[in-house]
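First comes the structure, then the notes that go with it.
Here, each number is a calculation from the coordinates, and none is a lab measurement. Fair warning: this is a prediction, and the values are worked out from it, not measured in the lab. Glycine gets a Cβ as well: all are built from the backbone with ideal geometry, and neighbour counts include every protein chain shown.
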Amino acid sequence: MTRSLRRLFIAVPVLWVAAAHVGPLLAMARISLLDAYPAAPEAAAVLGGHAYAAFLNGPGYRAALGQSLGMATAATGIALVLAWPLAWHVAMEVPPAQRTRRLALLIAPFWTSEVLRMFALVLLLANRGALNAVLRWAGLADAPVPLLYGTGAVLAGMVYTVLLTMLLPVFAALDRLPRDLLDAAADLGAGPWRRQGLIVLPLAAGGIASGVALTFLLCLGVLAAPALLGGAGTPAFAAMVAGFFGGASGRWPMGAAFSLVLLAAGTACAAALAWGVKAGSMRAGSGRLRA
Amino acid sequence: MSLGRLAAACYWGAVLALSLPLGLIVLTGLTDATLVGFPLGRPSLRWHAAALADPANARAFLLSLALAAASAGLAAAAGTWIALASGMLRPGWRWLLLAGALVPLATPGIVHAITLRIAIRAVGLDPGPLAVLLGHAVHATPLAALMVGARLATLPSELVEAAQDLGAGPVGAFWLVKLPWLGRTLAGAALLAALNSFDDFVRSFFLGGYEPTLPVLIFARLRSSLTPEINALATLALLAAGAIGAALAWLLRARPTA
């Protein structure tokens, strides 16, 4: 291959990444700075920070973002607590020959669209849903118990949407764990719970941290769960951002600015959470060693 | 209860809790009642017949299948190309290319969908199937690049050198050595991309025109009229996604060697 052909071969994917992966982000950043969109053809685009100023001064925007970050944090925490024993069971207690099959049983529900999973939750939680049918059949409720259209339902939906993203990195981390260390700790008298803190947490810290960061970012971008399971008072910054893109394009700069604020705040929080979880997991090991 | 028993109980509980709600979709569709949910009416395929009779359902299903196939091919090609090119770059540039390639993976779904909506307008492309196709392909490219890159890294360099000693150029080495080595991984990356596309909601929602994909159609029906016809449609989506997923699991099952 001649040098120019080689250059051409490298240039194609570089251009694809620049145009399709990074370019859209830059286009969004540009529009977020425009004062009017589409910019009038005769006038040069007016660059200003009006959309960002609107975010800072607008009614309840910052609070909505804060609530969404809080929801995502809660869903990420729930997902971690749920994923841990599942990953532990498959990685540590299932014989290697059956491991793939047992993991597939957990993964298979996530082959479906998030919309279908949210529909399934509606069928579970609605007034005419399965849980209420069971409650009525058992004589525990005379009238339907409202389980849907609230923050709890959205949280459940969010976890059902993103759990796999937490499960896989945690499983990979536990699967790599050197078993002889656990055996050695057991020989030296550390019980099963103590081994979790002393050995498993510090060694799996990297996997936990990447699972936490990815899951958190994914939670922030979930639209179906709040749209289908949320009520009037459910915080949903994502739905608010989406609203700017319905109808005419005059509100696109606001939507673009809000998206970038969400991305920036989300990335910062994801990094902080991942760092904190990692530091905490590492400290769990050293603290108990000294004790 | 011991830690092991507790973890096993959690595992089986989770398997049930994650799968049973999906079973409710199938179950509450097999009824002659006009309202979704419980109490169930008498068993009937009435709503499945209604779903089959509505051409909008068939159009959405076929559109979703076509988008899945096309975006999978595009994502697998782009991912392979990125992985091959990054192997030819110096470390600094390679890192930059891979970081850029992973951007769609680390962007929250709604933000990613909005960036794409803005980008297609910037290049004068209207919302519609082509825009959705590109959006799905971009979304699936990072995973394809990661899978192919990881598999390529395990290729013994002697194999490529041997092919070159025997007179193969870079193109010949690709077709004769690298592509067969990628084999199942490449097919797996394409199937994963197809599944992501078939299931995708948020990108299709922002980039779609008047022709909805299957998840967008089901979402719209869930927000408006709730009859068990949605269950029949959703059952179809479940079966199709399950078939793609099962093929993927079979393809990427643990290999006996390496």
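Among B:Thr115, A:Leu182, B:Pro55, pick out the residue whose Cα is farthest towards the positive end of the charge dipole of the protein assembly as shown, where Lys and Arg carry +1 and Asp and Glu carry -1 on C-beta, about the Cα centre.
Going by the Cα projections, it comes out as A:Leu182.
Order of B:Met88, A:Met118, A:Met28 from fewest to most other C-beta atoms within 10 Å?
Final ranking by Cβ density, sparse to dense: B:Met88, A:Met28, A:Met118.
How many nm is it between the label spots at B:Arg42 and B:Leu16, if each spot is 7 Å from the Cα in line with the beta carbon?
Taking the two extended label points, one gets 3.2 nm.
Quick check for me: using +1 on Lys/Arg Cβ and -1 on Asp/Glu Cβ, what's the dipole size of chain A about its Cα centre, in debye to the nearest 20?
With Lys and Arg at +1 and Asp and Glu at -1, about 600 debye.
So, in nm, how far is label B:Asp126 from label B:Arg59 when the simple model puts each one 7 Å beyond its Cα toward the Cβ?
If labels sit at B:Asp126 and B:Arg59, their model points lie 1.4 nm apart.
At a Förster distance of 30 Å, what's the computed FRET efficiency of B:Ala66 paired with A:Ala11, Cβ-Cβ distance as r, to 0.05?
Using R0 = 30 Å, I get an efficiency of 0.50.
Give, in nm to one decimal, the length gained when the segment between A:Ala63 and A:Ala29 is fully stretched (0.36 nm per residue of separation minus the Cα-Cα distance).
Length difference between fully extended and current span is 10.0 nm.
Among A:Pro144, A:Ser68, A:Ile208, which residue has its Cα furthest toward the positive end of the charge dipole of segment A:59-290, with +1 on Lys/Arg Cβ and -1 on Asp/Glu Cβ?
A:Ile208
Placing +1 on the Cβ of each Lys and Arg and -1 on the Cβ of each Asp and Glu in segment A:22-181, which of A:Phe119, A:Gly49, A:Val154 has its Cα farthest towards the positive end of the resulting dipole?
Comparing the listed Cα positions along the dipole, A:Phe119 ranks first.
Roughly how far apart, in whole Å, are the Cα centres of segment B:100-179 and segment A:165-228?
Taking the Cα centre of segment A:165-228 as reference, the centre of segment B:100-179 is 29 Å away.
For chain A, what is the mean residue ellipticity at 222 nm derived from helices alone (per DSSP H run of n ≥ 4: -39500 (n - 2.57); sum divided by total residues; nearest 500 deg cm²/dmol)?
Rounded to the nearest 500, it is -22500 deg cm²/dmol.
In whole Å, largest first, what are the principal axis extents of the Cα atoms in segment B:1-135?
So the extents along the principal axes, rounded to whole Å, are 66, 55, 24.
Hey, got the dipole for segment B:102-234? About the Cα centre, +1 on K and R Cβ, -1 on D and E Cβ, debye to the nearest 20?
For segment B:102-234, the charge dipole is close to 340 debye.
Report Rg (one decimal) and Dmax (nearest whole number) for segment A:59-290, counting Cα atoms only, units Å.
Both quantities, over Cα of segment A:59-290: 20.6, 69 Å.
Distance in nm between label sites at B:Arg90 and A:Ala18, each 7 Å beyond Cα in the beta-carbon direction?
The two pseudo-label positions are separated by 1.8 nm.
Once you charge only the Cβ atoms, +1 for Lys and Arg and -1 for Asp and Glu, what is the size of the charge dipole of the protein assembly as shown about its Cα centre, to the nearest 20 debye?
Dipole size: approximately 760 debye.
At R0 = 30 Å, how high is the FRET efficiency between B:Ala246 and B:Ala220 if r is their beta carbon distance? Nearest 0.05 is fine.
Computed FRET efficiency for B:Ala246 and B:Ala220: 0.60.
Could you pull the Cα extents of the protein assembly as shown along its three principal axes, largest to smallest, in whole Å?
On the principal axes, the protein assembly as shown reaches 79, 79, 51 Å in Cα extent.
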